[in-house]
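Each reported figure results from applying straightforward, stated rules to the coordinates on display, with no laboratory input. As the structure is a computational prediction, the values presented were derived from the model and not from experiment. Methodologically, a virtual Cβ is constructed for each residue, glycine included, from the backbone with ideal geometry; neighbour enumeration extends over all protein chains shown.
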Amino acid sequence: MAAACAGPASAEGGAAPSRPAFTLDNDTLKGYGINPDLIVSVHLSDGAKRIVIAEHRPGADSLLHVLGEDGRYLFGVPVPSPQLVDFALDGEGRKAFLVGSYGTRFYLADLVERKARLILSSQPDRPGFRALTPVSIVRGAEGPVVYGLFYSDEKTSRDLGFARVNEDGSATNVLSTLEWERKFPRMSNCFPSPDLKAALIVHQAAGSAEPAKAKVKRLVLAKPGAEEKELDSADDFVGASWAPNGLSIVYVRQLGSTRQLLMRLLSWDKPVVLAEGMYFSPKYLADRRLVVSSIEGKTDQALWTMEAPTGPLQRVEVAGKLALYAADPAGQALAAWGPWGLSVFRFRE
């Protein structure tokens, strides 16, 4: 089902146009030398002035394809990665941070000089830092951070958390989650705040004599060295996201066969239900603007944007039934891609 509480708005009534600024179909991508089946990820600079597509080519270097704001091909940058898994792009579109080789190699690409280099290699059998797969790259105030493991000593010293991999090849742990991992052994997800001083944790309750309660999942707000605050409980939580200002969150909870899209100011006692339906993976684009996916029928996927908490859900029209998506750092543009090609949407301010 699509939105139960709100349906699509007209282009005049929402923050984003329902139709893309442009779409590149598969033939266009192939004409650029991009194999749509090998796209790893797509990211945008502020305002989508640059669109960067990462392509992994088995048995060869990976490639970053850089497109202009109108979708024209500009240039490509080879990345010496045996297995590119994801990347992050700065707001100006000048630098890209990349993770390859299943989270054990880290690269920096200069999109001005059009060069990429390996900055850190951490093999599983050596001390150091390595990301956990599937790789989770989070945009922090001072640049991207990666969720992974620190090994100062192969046998005795281990730390778990979000780390920044620096240009000189060193790694700095900026938010340890090891104490939460120990306290919540059934922790299934961790979403750090924008300033990396807190996190949302999803964990499964343990120790209850009642089987039904033992399966309940909790959403808690955690800060290092402080008592955790339970925000909600449900059968499951299908994604969560922090507002860029760190004052509110959006998330999807599942209660039986019902899913709800919710927003909560952290200063409030209760969340606000924004919509009901088969939603998942909500993401804040700006302090109030968000994008969320929904399942329609058995397998079809839809994308929606919203100005929370009072704006209507507005459907984003993509050319296929499945789509991945990413936003620019400023929350001004959205890219959606899938087996059908790639579309870029721009928001009206």
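Below, the figures for the structure above:
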{"read-out": "Pairwise label distance in nanometres, E179 with N166, each label 7 Å out on the Cα-Cβ vector", "value": "2.4"}
{"read-out": "Neighbour-limited loop hits for GluC sites (Glu not before Pro), region 75-172 (at most 11 other Cβ within 10 Å; DSSP other than H, G, I, E, B)", "value": "E113, E142, E154"}
{"read-out": "Cβ charges +1 (Lys, Arg) and -1 (Asp, Glu), total dipole of the chain, debye", "value": "360"}
{"read-out": "Approximate spin-label separation L255-D195, in nm, with each point projected 7 Å along Cα-to-Cβ", "value": "3.2"}
{"read-out": "Gaussian network model of the chain, Cα within-10 Å springs - most flexible of K115, K217, K49", "value": "K115"}
{"read-out": "Gained length - R117 relative to T133, 0.36 nm times residue gap less alpha-carbon distance", "value": "3.6 nm"}
{"read-out": "Summed residue charge, Cβ within 11 Å of P329's Cβ, Lys/Arg positive, Asp/Glu negative", "value": "-3"}
{"read-out": "FRET efficiency, V216 to A141 (Cβ-Cβ, R0 25 Å, nearest 0.05)", "value": "0.15"}
{"read-out": "Bins of 10 Å from zero: percent of alpha-carbon pairs in the chain", "value": "5, 24, 32, 27, 11, 1, 0"}
{"read-out": "Modelled FRET efficiency - R0 25 Å, F280 with Q204, Cβ distances, 0.05 increments", "value": "0.85"}
{"read-out": "Most fluctuating residue given options L334, L322, L219, as computed from a GNM of the chain linking Cα atoms under 10 Å", "value": "L322"}
